[in-house]
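Coordinate-derived values only; no laboratory data. Note that the structure is a prediction, hence the values are computed from the model and not measured. With ideal geometry, Cβ positions are generated from the backbone for all residues, glycine too; neighbour counts draw on all protein chains shown.
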Amino acid sequence: MSKQGKLWELFCVFFRVGLFTFGGGYAMISVVEDACVDRRGWITRSEMDDLVVLAEATPGPIAINCATFVGNRQGGLAGALAATFGMVLPSFLVILLISRVLDCCLEIRLIASAFRGIKLAVGVLILDAARRLLRRRKRSVLWGSIFAASLLLMLAINLFALQLSTVVLMLGAAALSMLAYGIGGAGGGAQ
């Protein structure tokens, strides 16, 4: 395939991901994995797992960071630009369109119901991404305990409208992991 053909393919793949996936980066993870790992073999499953962690840790939306990484892997700087532009363009166009007609459309009961359905679908996509990542994780008592405690605390925060940021939960989980790693040593005693 020619370089221009590869750039066009990157743009089209990520344009479709951006256009047909609602709910932001977490909802897009399983779609990106399907397109880039399962269908095209552009990256491996292990690289996808690493990519999710890296995309989380770097500034910017996770889906755009994933597109940029895969694009760079496939076509260098031009590939990164093509994939990133493909991922961003649908959101820009949809938001531009919605901003023109949203106020009058939300009064229509069918459209309001469609948005409630989309909200539910986003939750399912996020759960699917989490399921895929969890299935491949190395299991340990510490990891499972931190995951379960964080999940229960986040549910409690939402159910009881507690004023505790999820960022505080993430920092607490990181501190516990580092503490356990320090106590167990680099040899994996915390496992």
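Compute the length gained on full extension between residue 183 and residue 119: take 0.36 nm times their separation in residues and subtract their Cα-Cα distance, giving the result in nm to one decimal.
18.8 nm
If we count every other residue with Cβ under 11 angstrom of residue 69's Cβ, Lys/Arg +1 and Asp/Glu -1, where does the sum land?
The answer is -1.
For an R0 of 41 angstrom, estimate the FRET efficiency from the Cβ-Cβ distance between residue 53 and residue 94 and round to the nearest 0.05. Please list the in-between numbers first.
Values: r = 28 Å, r/R0 = 0.69.
That pair, residue 53 with residue 94, gives E of 0.90.
Mind giving me the nanometre distance, one decimal, between the label points for residue 162 and residue 136, set 7 Å out from Cα along Cα→Cβ?
Between residue 162 and residue 136, the label points sit 3.2 nm apart.
Run the numbers for residue 1 and residue 155: contour at 0.36 nm per residue of separation, minus the present Cα-Cα distance, in nm. Mind dumping the intermediate values first?
Working: separation 154, 0.36 × 154 = 55.44 nm, distance 4.87 nm.
Taking residue 1 through residue 155 to full extension adds about 50.6 nm, to one decimal.
Of the listed values [x] 56; [y] 64; [z] 68, identify the label whose number matches percent of Cα pairs over 19 Å apart calculated from this model.
[z]
With a length cut of 15 Å (Cα positions projected on each helix's long axis) and a Kyte-Doolittle mean of at least -0.5, go through the chain and give me the DSSP H helices that pass.
3-20, 45-57, 62-105, 109-136, 141-159, 166-184
Would you kindly state how much longer the chain becomes between residue 78 and residue 46 on full extension, computed as 0.36 nm times their sequence separation minus their alpha carbon distance, in nm to one decimal?
9.1 nm is the gain from fully extending residue 78 to residue 46.
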